[in-house]
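Below is one structure, written out as C-alpha cells, with a few remarks after it.
The values are calculated or read from the model by the stated rules, or taken from the named source; none is laboratory data. All values derive from a computational prediction rather than experimental measurement. Counting neighbours? That spans all protein chains shown, and the Cβs are built from the backbone with ideal geometry, glycine included. Quick note on the areas: whole protein, heavy atoms, side chains included, nothing else; ligands and nucleic acids left out. Shrake-Rupley method; radii C 1.70, N 1.55, O 1.52, S 1.80 Å.
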Amino acid sequence: MKQIILTILFFFSFSFFSFGQLQLQDIMKGKDFIGHWPEDHFWLPNGKVAFKWNPNSNNVSEYYYISNNEAVKLPDSSLTFLPNRGVVKHSATDFYVYAKDGRVLKWVANENKPTVLYESYDRIHTVHLVNNPNRVYFTRNNSLCFIDTKTSLFKELVRFEKKENTKIENEQEDYLIEQQKELFDYYNVAENTKKRNRIIREKQTAWKRKPVKYANGDFEEVFVSPNENALIYLISEFTKQKYTHVENYVSKNGWSSSINARPKVGRPDDKHDLFLYNLETDSSLLISIDHLSGVFDRPSFIRDYVNVDFLNKLDNPKNVIYHDPIFNKNGDKAIVEIKSYDNKDRWITILDLNTAELKEIDHQHDEAWVGGPGISGWNGVNGNMGWMDNDNAIWYQSEKTGFSHLYMCSIKNLKIKALTKGEYEVRKPKLSINGDVFYLTLNKTHLGNRNFYHLNWKNNELIPILENDGNYDVEVSPDEKNIAFLYSSKNEPWELFIAENSSNSNNTQITNSKTKEFDKYNWKKPEIVNFKGMDGVSVPARIYKPLLKNRNGAAVIFVHGAGYLQNAHNWWSGYYREYMFHHLLNEKGYIVLDIDYRASEGYGRDWRTAIYRHMGGWDLNDQLSGREYLIKEHEIDSNRIGIYGGSYGGFITLMALLTEPGKFACGAALRSVTDWAHYNHEYTSNILNTPKEDSIAFVQSSPIYFAEGLTDPLLMLHGVVDGNVQFQDVIRLSQRFIELEKDDWELAVFPIEAHGFKESASWLDEYKRILKLFEMYLN
C-alpha cells in the first residue's frame, strides 16, 4: 500500500460517491452550495451597519449596508472612506477619527460621510485623540504629529531619531586623535568653528523641539496623554529571523518559485523598552519592571533538566512585551498591560505620568501559559481592559478561578472585586457610555452557547438580551440604542439581524443567504452528549446518528483542528464541509462522533492547558474514551472505528495510529503536524516551551518519533504550498516510513493548495479518498 499518489492520477466517478440525497461533489463546493453568509459587520459613525456579503456567489464578497431593513450594496465611492477597525471616538464630543490609506479622517456622528483632515503618501500609524477636541494626533515617519481642526494647523510635535555611534572603541585610535590635537592648531580651530556654527544653528531653529534620541533598536510607537503633557513611547530591538520556505511548482510562468513562510519554534525573543517623555521638560525616563512579581522567576519545567535550586532567581528580568497604554480622562495615569515572552506571566499595571511610578495591580501567573477569552494566549494581542467608576477603578479579565471572568480593581486601595463568577466564560465585554453597564457575551446557559447580556455592575444585575441556543455575535450601535448581530444555530448558517438593545425586543432579519439546493435537505441538529474520560471527567461531543434501519455497526471519530477551538456547540460549525460530510456518512450507516477534547475552547483554564508539555496525551485519551463510549453505548464494532481530522486533528490522528495501534481500523490525517520542532513559535512555545529548553516535551508530543508503531492503514493528505503546517512535515514522516519499511500508508499531494484548501476540486478529491478509506476498512 506504500505509494505516493499525485492528485491528478487518482480519480473516481462521481456516481460512486453519491448516496441518498447528498452528493459529495455538492458538499465540497462549500459556500457555493450552502450560500455565502454575511461577515464582518460593524456600525458606522452615521448609525448605519456595514458588512461583507456575497449573495450572488461571485468570486469575492462586497460591502453592503442596511437601509430601511434591507441590505443595499455600498457604492464604490464610499469604499475610499469606509473605516477599518481602528476607529477612535472622542470621550466628550460626538465624533470619530481614523486612518485609512495614508489619510486621517474625521467623521461626526450621524453625518453621511467623513471629512479628510490630512493626506500623505506615507503610512499613517495609530490615531490619538486628546481632551482638546480640536487636536488629532497621529504617527508618521517616526514623528508624532497633530492637526488642529479649528485652524488647519499641521505640526510635527516630536521626532524620534537613533543616536549615531561615533565612539571609537580602539584605544590606539583615541591616542592618535589626541596627538593630532596637541600637535596641530588647525584641528582645534576647526572644532571651535564647528561649535560656533552649531550654536548659531541652534538659535535659528530654537522653535523646534530637539529630537528624542535613542541608542539601540528601532522606534515602534508613541502615545500622547489626553492632557498633552506626556508621551509614552516604545523602542524595540527586533531580532533577525530565519524563515522557512514553501515551493510553488504550479506557477504562472512555469518556473517553480520559493515562497517565504515563517520562522520555526525557538526563535529568539525581541526586546522592548518603555519610556515616559515629559513634554514640558523634554526629558525621557526608562520605565523599570524589576519590581514586578515573578519577573525574575524561573519556569518550573527546568527541574527536569538542571540540578539547580529552583528558588534561585534569573540574573535579569524576563523578556516582556508591552501593550498599548490606556489613559484615564485626566491624562495623568495609564493602564499598561505587560506579558512575558514565555507567556507564563501577565501584569496589569498603572503608570503614574507625573511620578513615573509603575504600580502593579494584578499579577497573573500560569505554569502552563496565560490565556483564555479576553486575555489572549498570543503575546502580541492585548487583553480586554479599561477605566471605570469615574476613573477610580479599572476593569480586566482573569482566569484566577479557572474560568475567564470580569474583575474591577480600585486604584486607591487595590481591592479587587469579581463582577462575574461561575463555570462559564466572559467574552467581548464593553462598558456603556455612561459607565453603568457592561455589554457581555457569555456561555452561561450552556457551554456550547454564546448569549448576549447587560450587566449593571453597581447592583450586580445580569439582564439577558439574547439567550436562545446558538451564537449571537453582537455589535452595539454608537448611541447604544440598537444592536446588529450575526446569529446561527446547529443547522442554520449565519444571518444578519438588527434589534433594539433591550430585552424582549423584536429581531429583524436582514439577510437570507441559503441556496435553494442547500435548503432542500433536512439538516440535523446533532445532539451534544457527554461521556466519561479516563480520569472520570465529563467530555462533551457532537454525535451524528443514522436512522436505526441504516446503521451498519461502524463509526467514525472526527477530530477538529486548532486545538483551542470549540466544535461541540449549538451554532453553525466552521467545519461546514465536515458537517455535511457527516450527514453523508450517516446515510451510509456510520455513526460520527465529534469530540471537544482536552485543549478545546470554551471549557475553562484546566481544559485549555491540559496538553501542556504533552500534546497527544489527554487530548488523545479523550478520543480513546470516545471510542469506548461508541462501543458500550451504541454497540459499535470495536474493529470498525475510523478516525480523521485536519491540522491539529491530523496530528491527533497520527498519534492515535502510531501510539495506540489496533484501536482504530484506519485513519486519515489532513495537513498534519508531524514534528512540533518544525511548527511556528507563537503557538508551539506556549504549550511545549522550546526544543532547546524542553526537548522532553517535543519528543513525547511529535508523531515522527513513534513512526515505527504504524500497523493500521493510514492516509495522509497535504497541500504543497501550505505555509502554516508545511509540506516538509509530511515529507519527513514519509521518509521515516520508507526507512522503517512500513507498508500501510499512502500520501495524496495537492500541488496548488495551502493550509486551507480553496479549490472545490481539491476538496472533492481529498474527501473521495477519505470516504474510500472508510468504505474499504470499516465495512
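Could you tell me how many of the residues in segment 529-555 are within 16 Å of Asp606 (Cα to Cα) and part of a loop (DSSP other than H, G, I, E, B)?
Here the count works out to 5.
Could you tell me whether any residue of segment 678-692 is among the aliphatic types (A, V, I, L, M), buried (at least 24 other Cβ atoms within 10 Å of the Cβ), assigned to a helix (DSSP H, G or I) and in contact with a helix residue (DSSP H, G or I) (Cβ under 7 Å, 6 or more places away or on another chain)?
Looking for residues that are among the aliphatic types (A, V, I, L, M), buried (at least 24 other Cβ atoms within 10 Å of the Cβ), assigned to a helix (DSSP H, G or I) and in contact with a helix residue (DSSP H, G or I) (Cβ under 7 Å, 6 or more places away or on another chain), one finds at least one in segment 678-692, hence yes.
For segment 126-149, does any single residue satisfy the condition of being in a strand (DSSP E or B), exposed (fewer than 14 other Cβ atoms within 10 Å of the Cβ) and among the β-branched types (Val, Ile, Thr)?
Applying the first criterion (in a strand (DSSP E or B)) to segment 126-149 yields 127-129, 135-140, 143-148.
After this cut, where a residue has to be exposed (fewer than 14 other Cβ atoms within 10 Å of the Cβ) as well, the list is none.
Checked segment 126-149: no residue is in a strand (DSSP E or B), exposed (fewer than 14 other Cβ atoms within 10 Å of the Cβ) and among the β-branched types (Val, Ile, Thr).
Of everything in segment 509-520, what is open to solvent by 30 Å² or more (accessible area, probe 1.4 Å), out of contact with any Phe, Trp or Tyr (no Cβ under 6 Å at 6 or more places or on another chain) and among the polar types (S, T, N, Q)? Give them in sequence order.
Residue satisfying the conditions is Asn512 alone.
Quick one: what pairs do we get from segment 436-456, first residue touching a residue at least 60 places away in the same chain (Cβ under 8 Å), second small (Gly, Ala, Ser) and crowded, with 23+ Cβ neighbours inside 10 Å, C-beta under 7 Å, 6+ apart or different chains?
Close Cβ pairs (under 7 Å, with a partner that is small (Gly, Ala, Ser) and crowded, with 23+ Cβ neighbours inside 10 Å) amount to Asn443/Gly602; Leu447/Gly602; Gly448/Ala568.
Condition first: modelled with pLDDT under 95 and within 26 Å of Glu220 (Cα to Cα). Can you find one or more residues in segment 356-376 that meet it?
yes
Looking at (1) of a type outside the set (A, V, I, L, M, F, W, C); (2) in contact with a Pro (Cβ under 6 Å, 6 or more places away or on another chain); (3) surrounded by 14 or more Cβ atoms within 10 Å (Cβ to Cβ), which is the one condition that is false for Ser505?
If we test Ser505 against (1) of a type outside the set (A, V, I, L, M, F, W, C); (2) in contact with a Pro (Cβ under 6 Å, 6 or more places away or on another chain); (3) surrounded by 14 or more Cβ atoms within 10 Å (Cβ to Cβ), just (2) comes out false.
Hey, among Arg303, Arg209, which residue is more than 30 Å from Arg671 (Cβ to Cβ), at pLDDT below 95 and not in a loop (DSSP other than H, G, I, E, B)? So that I can check it myself, show each step before the final result.
On the way: Arg209 fails: not in a loop (DSSP other than H, G, I, E, B).
Selected residue: Arg303, the only one of Arg303, Arg209 that is more than 30 Å from Arg671 (Cβ to Cβ), at pLDDT below 95 and not in a loop (DSSP other than H, G, I, E, B).
Consider segment 265-291. How many of its residues are in a loop (DSSP other than H, G, I, E, B) and either touching a Lys or Arg at 6+ places or on another chain (Cβ under 8 Å) or farther than 24 Å from Ile687 by Cα (or both)?
Taking segment 265-291 as the starting set, the residues that turn out to be in a loop (DSSP other than H, G, I, E, B) are 265-270, 279-282, 287-291.
Checking the rest, the ones that are also either touching a Lys or Arg at 6+ places or on another chain (Cβ under 8 Å) or farther than 24 Å from Ile687 by Cα (or both) come to 266-267, 279-282, 287-291.
Within segment 265-291, residues that are in a loop (DSSP other than H, G, I, E, B) and either touching a Lys or Arg at 6+ places or on another chain (Cβ under 8 Å) or farther than 24 Å from Ile687 by Cα (or both) number 11.
Could you give every pair whose Cβ atoms fall below 9 Å, whose first residue belongs to segment 173-184 and is without any contact (Cβ under 8 Å) to a residue 24 or more places away in the chain and among the charged types (D, E, K, R), and whose second residue is open to solvent by 90 Å² or more (accessible area, probe 1.4 Å) and not in a loop (DSSP other than H, G, I, E, B), counting only separations of at least 6 or pairs across chains?
Listed pairs, sorted by first residue: Lys181/Tyr187; Lys181/Glu191.
Of all residues in segment 263-307, how many are touching a helix residue (DSSP H, G or I) at 6+ places or on another chain (Cβ under 8 Å) and closer than 18 Å to Thr239 by Cβ?
5
Could you look through segment 724-756, keep only residues that are of a type in the set (Asp, Glu) and within 29 Å of the chain's Cα centre (by Cα), and pick out the one that is surrounded by the fewest Cβ atoms within 10 Å (Cβ to Cβ)?
Restricting attention to segment 724-756, the residues satisfying the condition of being of a type in the set (Asp, Glu) are 729, 739, 741, 743-744, 746, 753.
So of that shortlist, the ones also within 29 Å of the chain's Cα centre (by Cα) come out as 729, 753.
On the way: Asp729: 25, Glu753: 23.
This residue is Glu753.
Select, from Lys458, Lys532, the only residue that is among the charged types (D, E, K, R), open to solvent by 60 Å² or more (accessible area, probe 1.4 Å) and farther than 25 Å from Leu565 by Cβ.
Working: Lys532 fails: farther than 25 Å from Leu565 by Cβ.
Residue meeting the stated conditions: Lys458.
Kindly evaluate Glu746 against the criterion of being over 22 Å from Leu773 (Cα atoms), touching a residue at least 60 places away in the same chain (Cβ under 8 Å) and among the acidic types (Asp, Glu). Talk me through it step by step, then tell me what you get.
On the way: over 22 Å from Leu773 (Cα atoms): no; touching a residue at least 60 places away in the same chain (Cβ under 8 Å): yes; among the acidic types (Asp, Glu): yes.
For Glu746, the condition - over 22 Å from Leu773 (Cα atoms), touching a residue at least 60 places away in the same chain (Cβ under 8 Å) and among the acidic types (Asp, Glu) - is not met.
I'd like to know if segment 308-320 contains one or more residues that are closer than 28 Å to Met388 by Cβ and touching a strand residue (DSSP E or B) at 6+ places or on another chain (Cβ under 7 Å).
In the first step, residues of segment 308-320 are kept if they are closer than 28 Å to Met388 by Cβ; the result is 320.
Cutting the leftovers down to touching a strand residue (DSSP E or B) at 6+ places or on another chain (Cβ under 7 Å) gives us 320.
Yes, the conditions are met somewhere in segment 308-320.
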